[in-house]
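See below for the structure under consideration.
The values are calculated or read from the model by the stated rules, or taken from the named source; none is laboratory data. Here the structure is a predicted model, which is why all the values come from computation and not from measurement. Don't worry about glycine lacking a Cβ; one is built from the backbone with ideal geometry, like all the others, and counts go over all protein chains shown.
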Ligand code: PRT
Ligand code: ZN
């Protein structure tokens, strides 16, 4: 293969992961010449181009060296790795990306009596993930038939082509609509940045390192919240004890109220209503939770 000096990232051409993946790359300072209808997108600022493909093709493209990295669901990556294709074992997750969350689960008809994986013995299981399902069945020591379907797995029991299914679940709405009930989770999935275990040693490797650093910053900011509140000095200890994890809070005096303090804390994740209510009970008031736009420590 001809050596390349520009980094090439594979991502889904059109589907659930397309918009969030492009948004993430944009936030990392990567912009692309508009040609979304095409297979190839030329990167404008940095030497990074995109290949827009079906998600199922992404691990193979990386394994073959056609692309250096890919943004793909862990479900697709692990199915490829379990399928033990050539070079599959050396693919790895460089970063979890926090979107496209779902799980790969077994689901059975609502009225079926199910006590555990052993009850799947002798049944036919429809799935688009035969390698992951096969591995799981072997681990459980269950001998069942695996029927591979490319799509519409959830209607297989109704059509009589399978007894139960193993498919991706997000809200669970599809299962309910098809009178199915989730019983076992095989894999918790989200979009990941996938690549070979060993990165290129040329300029592309340097670009990957730069991209990983920017990604870490972007992901940290995306999940950070700034919590602002007022508290009396006497409640300060109780309030501080309840603050969601993060660096030490900053305390500021409140003009004209010597007993009061303004507290500012950077939180590593979402702050829920329940957490706010608990902090309020401990003596806080005037509470604000703000998203963080940019951060430079
Ligand atoms: O054309 P291409 O092959 O690229 O697209 P695709 O149709 O294979 O993929 P797409 O866009 O549907 O999904 C891409 C990736 O998004 C998947 O590989 C997962 O990593 C992730 N993802 C997240 C999901 C879901 N959530 C999801 N809910 N992928 C599929 N679903 C489907 C699921 O198969 C089931 O039919 O949605 C239904 C279940 O959803 P709920 O909310 O009813 O439970
Ligand atoms: Zn697909």
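A few remarks follow.
- Screening residue 32 on (1) surrounded by fewer than 19 Cβ atoms within 10 Å (Cβ to Cβ); (2) modelled with pLDDT under 95; (3) touching a strand residue (DSSP E or B) at 6+ places or on another chain (Cβ under 9 Å) shows it passes everything except condition (1).
- Selected residue (only one of 39, 61, 52, 104 is over 20 Å from the mean Cα position of the chain (by Cα) and within 15 Å of ligand 2 (Cβ to nearest atom)): 61
- Answer from 215, 226 - the residue that is under 30 Å from residue 69 (Cβ atoms), touching a residue at least 24 places away in the same chain (Cβ under 8 Å) and surrounded by 15 or more Cβ atoms within 10 Å (Cβ to Cβ): 215
- Only residues that are away from ligand 1 (no atom under 11 Å from the Cβ), under 19 Å from the mean Cα position of the chain (by Cα) and either surrounded by fewer than 24 Cβ atoms within 10 Å (Cβ to Cβ) or modelled with pLDDT under 95 (or both) were counted in the stretch 64-79, giving 0.
- Yes/no for residue 239 being surrounded by 17 or more Cβ atoms within 10 Å (Cβ to Cβ), touching a helix residue (DSSP H, G or I) at 6+ places or on another chain (Cβ under 9 Å), touching a residue at least 40 places away in the same chain (Cβ under 8 Å) and outside any helix (DSSP H, G or I): no
- Residue 192, sole failed condition from (1) in a loop (DSSP other than H, G, I, E, B); (2) within 16 Å of ligand 2 (Cβ to nearest atom): (1)
- Qualifying positions in the stretch 216-236 - at pLDDT below 95 and in a helix (DSSP H, G or I): 216, 217, 218, 219, 220, 221, 222, 223
- Residues in the stretch 253-291 that are part of a loop (DSSP other than H, G, I, E, B) and modelled with pLDDT of 90 or more: 254, 255, 256, 257, 258, 259, 271, 272, 282, 283, 284.
- Flag for residue 25 being in contact with a strand residue (DSSP E or B) (Cβ under 8 Å, 6 or more places away or on another chain) and not in a strand (DSSP E or B): yes
- The residues listed here are 108, 72; of these, the one that is part of a strand (DSSP E or B), in contact (Cβ under 8 Å) with a residue 60 or more places away in the chain and more than 23 Å from residue 6 (Cα to Cα) is 108.
- Qualifying residue in the stretch 11-25 (condition: more than 26 Å from residue 295 (Cβ to Cβ), surrounded by 20 or more Cβ atoms within 10 Å (Cβ to Cβ), modelled with pLDDT of 95 or more and away from ligand 1 (no atom under 15 Å from the Cβ)): no
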